[in-house]
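*Asks:* Shown below is the structure under consideration.
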Amino acid sequence: MRIEQGEERKEINIAISEIIKDGGKLNIYPSVKNYFSIDYKPKKDTLTLVAGGYIGLIPINDDLAIEIKPKFSISNLTRIVSIAEDEFNTLSFFTRKYQEKGESNTIIFEFLTECLANELEILDSEGILKEYLLRTENAHNIRGRIDINQSIKALWSHGHFNKATTQYYDFSPNNAFNQLIKYTLKFCIDKLNSTSSSKVILRERLIDFYTSFEAIELDESRGFMEIVTNAIKDNKLSVLRRYYVNICEVCRLIIDRIGISFDSEGIDLETNSFTLDMANTFEKYLLNSIRIHRQNFPTNTLILDGNKEGKKKFYNQPSLAKGNAKPDIIIRIDGETKIIADAKYKSRTKDTDRYQVISHALSYGANKAVLILPTDEQKLTERLIKLGSVGDSFKVDVYEYFIDLSSNDLESEELNLTDSLVSLLE
């Protein structure tokens, strides 16, 4: 499959010959419309796809995929998504490669658990792996080959002439690979229960899979791990059962609590691709990162989400006009709104962005309005820039703040943002 590189909010031009089937029909997956707007340019004979706010590796058809990169350099996507309390959405019909990195957390655990559930769907069509396993038993009925020496030692020398030690091969699903899967399923179900996860449907899917593994032994000692690891390393799985490799690798990461990197493609693991709405995630990340440092604000400070608990009618009531004011971040002290902030996941603001944050500040009676944008370190001059003031009897000071998502120390970046907002209160 050919992979074309793209960027958020930018055009990707694809030769029309790559996406036209014999007969003139477009060869495009139906899901493409969820991530791209599509336009045809007859003069250039190209189909133009304009990426929306999503990032990730997204397939267009069986032969072409587009990897949409973030608009801004981002050093730790997992941290940003974790603080935003967001999630990576899995594409169950398409895979990409990941690099193992650090320890797992809730975000990575839930993503890998979704991937495991999707990977296990293949068992419905391809079947559960069964192997010929050597069994030894002492029994009245003869099955397989009699072990004469063992029969004498264990049975006949003790007067048990009605039994014999036999060995035979049993074609059974109770092998190390399936024991690993069953152990992992129980691990995931228990963890989802203990964390009161909102992934109710995912939990139900895992329980259904766990039920289908009833004939498999639950080995709490994890004796299966070395057998599975060596079998994969020595390439001992048959070609027809190679899909077990990905399943077992996902299981290993989950139960060993190993993380993966979403920032760049790796070679360690191949599983479901992901998508992420960066504009929405950036907004939630800023709000929660400020809340994490709420102790830096004066006593009785509330940090509200203007899209939820902080929203209000835009106009003073009573009013004939309708509509709500919903700024992204509201900072209120002792019941008085001091700062209104809007997250703008773009390289520069427009007049409309400034008009919006000023109107929100006026609606809430705040005299500080801040637009928060991401930037790269090489473009960064000052963190907090005052654009100017609006109004006479009630003056609103308007600022832009630039946060460096490419920083190797995002925690310091988040603290700097909070401290800058605190300084506006002074």
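*Asks:* Here are some residues: Ser406, Ser393, Ser319. Which one is in contact with a Ser or Thr (Cβ under 7 Å, 6 or more places away or on another chain), polar (S, T, N, Q) and either surrounded by fewer than 20 Cβ atoms within 10 Å (Cβ to Cβ) or in the same structural domain as Glu7 (by TED's automatic domain parsing) (or both)?
*Replies:* One residue alone meets the criteria, Ser406.
*Asks:* Among the residues of the range 224-257 satisfying the criterion of being closer than 12 Å to Leu180 by Cβ and free of Cβ contacts under 8 Å to residues at least 12 places away in the same chain, which is surrounded by the fewest Cβ atoms within 10 Å (Cβ to Cβ)?
*Replies:* Once the filter is applied, the top-ranked residue is Glu226.
*Asks:* Related question: Specify the residue that is modelled with the highest pLDDT; the eligible residues are those in the range 67-98 that are among the small types (Gly, Ala, Ser) and over 15 Å from Gly259 (Cα atoms).
*Replies:* The selected residue is Ala84.
*Asks:* Related question: Please list, ordered by first then second residue, the pairs with beta carbon atoms under 7 Å, 6 or more apart or interchain, first in the range 148-165 and in the same structural domain as Glu137 (by TED's automatic domain parsing), second assigned to a helix (DSSP H, G or I).
*Replies:* Cβ pairs passing all conditions: Ala164/Ser151; Thr165/Gln150; Thr165/Ser151; Thr165/Ala154.
*Asks:* From the list Phe88, Phe36, Phe93, which residue is within 18 Å of the chain's Cα centre (by Cα) and crowded, with 20+ Cβ neighbours inside 10 Å?
*Replies:* The match here is Phe88.
*Asks:* Please find, among Asp419, Asp392, the residue that is among the charged types (D, E, K, R), touching a helix residue (DSSP H, G or I) at 6+ places or on another chain (Cβ under 9 Å) and not in a strand (DSSP E or B).
*Replies:* Exactly one residue qualifies, and that residue is Asp419.
*Asks:* Please determine, by comparing only the residues of the range 416-426 that are surrounded by fewer than 16 Cβ atoms within 10 Å (Cβ to Cβ) and not polar (S, T, N, Q), which one is modelled with the highest pLDDT.
*Replies:* Once the filter is applied, the top-ranked residue is Asp419.
*Asks:* OK, next. Within the range 164-175, can one find any residue that is more than 41 Å from the chain's Cα centre (by Cα), farther than 21 Å from Arg257 by Cβ and part of a loop (DSSP other than H, G, I, E, B)?
*Replies:* Taking every residue of the range 164-175 in turn, none turns out to be more than 41 Å from the chain's Cα centre (by Cα), farther than 21 Å from Arg257 by Cβ and part of a loop (DSSP other than H, G, I, E, B).
*Asks:* Then there's this: In the range 171-185, which residues are surrounded by 14 or more Cβ atoms within 10 Å (Cβ to Cβ) and modelled with pLDDT under 85?
*Replies:* Answer for the range 171-185, where residues must be surrounded by 14 or more Cβ atoms within 10 Å (Cβ to Cβ) and modelled with pLDDT under 85: just Ser172.
*Asks:* Counting just the residues of the range 45-71 that are of a type in the set (A, V, I, L, M, F, W, C) and within 22 Å of Gly102 (Cβ to Cβ), which one comes out surrounded by the most Cβ atoms within 10 Å (Cβ to Cβ)?
*Replies:* Ile55
*Asks:* Could you list, in sequence order, all residues of the range 381-418 that are more than 24 Å from the chain's Cα centre (by Cα), charged (D, E, K, R) and under 17 Å from Asn296 (Cβ atoms)?
*Replies:* Arg383
The values are calculated or read from the model by the stated rules, or taken from the named source; none is laboratory data. Since the model is a prediction, treat every value here as computed from it, not as a measurement. All Cβ positions, even for glycine, are placed from backbone atoms using ideal geometry, and neighbour counts span all protein chains on display.
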